[in-house]
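K.L.:
A single structure is presented below for examination.
The values are calculated or read from the model by the stated rules, or taken from the named source; none is laboratory data. Nothing here was measured: the structure is a model prediction, and the numbers come from that model. When we count neighbours, we look across all protein chains shown, and the Cβ atoms used for this are built from the backbone with ideal geometry, even at glycine.
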Amino acid sequence: MYADTDGLVDDDLVDVAAEVFAMLAEPTRVRLVLALGDGERSVGELAATVGKAPSAVSQHLAKLRLARIVAARHEGTRVLYRLLDEHAHSLVTDALHQAEHSIGGTPRHHQVSAVRPAQQVRR
């Protein structure tokens, strides 16, 4: 999909992809991306959600803004943050699924709910 006719991927694309992965290689930023998957949130709301000080959350959000993963908008005196698109959230959730597979046992997303067996996904 991203390869040219020789099967090579553009070096600039690879470099940018590596930068995105590096940006998301920090647990607090992963938690922020997950929290923002539910929609816009303020720094205070995000700080409470991820269990970090608002000043630390602001620093992480600034890095995510520079990487164009999140955007901010002002609403009165509050600053609300949101994901720019779903790609970062998808990367994080895919990584979580992979982590569940890596640590052994049956991952949660493969467990069948005993409460609603009629709604099982057919494979």
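K.L.:
Go through (1) modelled with pLDDT under 90; (2) surrounded by 13 or more Cβ atoms within 10 Å (Cβ to Cβ) and name the single condition ARG108 misses.
P.N.:
It fails just one condition, (2).
K.L.:
To continue, here is another question. Kindly check whether there is at least one residue in the stretch 73-82 that is of a type in the set (Ser, Thr, Tyr), at pLDDT below 90 and either in a loop (DSSP other than H, G, I, E, B) or under 24 Å from TYR2 (Cα atoms) (or both).
P.N.:
no
K.L.:
Could you grab me the full set of residues in the stretch 20-32 that are touching a His at 6+ places or on another chain (Cβ under 8 Å) and either surrounded by 19 or more Cβ atoms within 10 Å (Cβ to Cβ) or more than 17 Å from ARG68 (Cβ to Cβ) (or both)?
P.N.:
The answer is THR28, ARG29, LEU32.
K.L.:
Could I ask something else about it? Tally up the residues in the stretch 85-103 that are over 10 Å from the mean Cα position of the chain (by Cα) and either part of a helix (DSSP H, G or I) or surrounded by 15 or more Cβ atoms within 10 Å (Cβ to Cβ) (or both), please.
P.N.:
6
K.L.:
Could you please let me know if ALA35 is crowded, with 18+ Cβ neighbours inside 10 Å and not polar (S, T, N, Q)?
P.N.:
Spelling it out, ALA35 is indeed crowded, with 18+ Cβ neighbours inside 10 Å and not polar (S, T, N, Q).
K.L.:
Residues of the stretch 43-72 being among the basic types (Lys, Arg) and touching a residue at least 24 places away in the same chain (Cβ under 8 Å), which ones?
P.N.:
Hits for the stretch 43-72 are LYS52, LYS63.
K.L.:
Report, by residue number, each residue of the stretch 18-53 that is more than 13 Å from THR93 (Cα to Cα), hydrophobic (A, V, I, L, M, F, W, C), modelled with pLDDT of 95 or more and part of a helix (DSSP H, G or I).
P.N.:
VAL43, LEU46, ALA47, ALA48, VAL50
K.L.:
Those residues that are within 15 Å of the chain's Cα centre (by Cα) and in a strand (DSSP E or B), I need them from the stretch 54-72; list them, please.
P.N.:
Passing the criteria: VAL70, ALA71.
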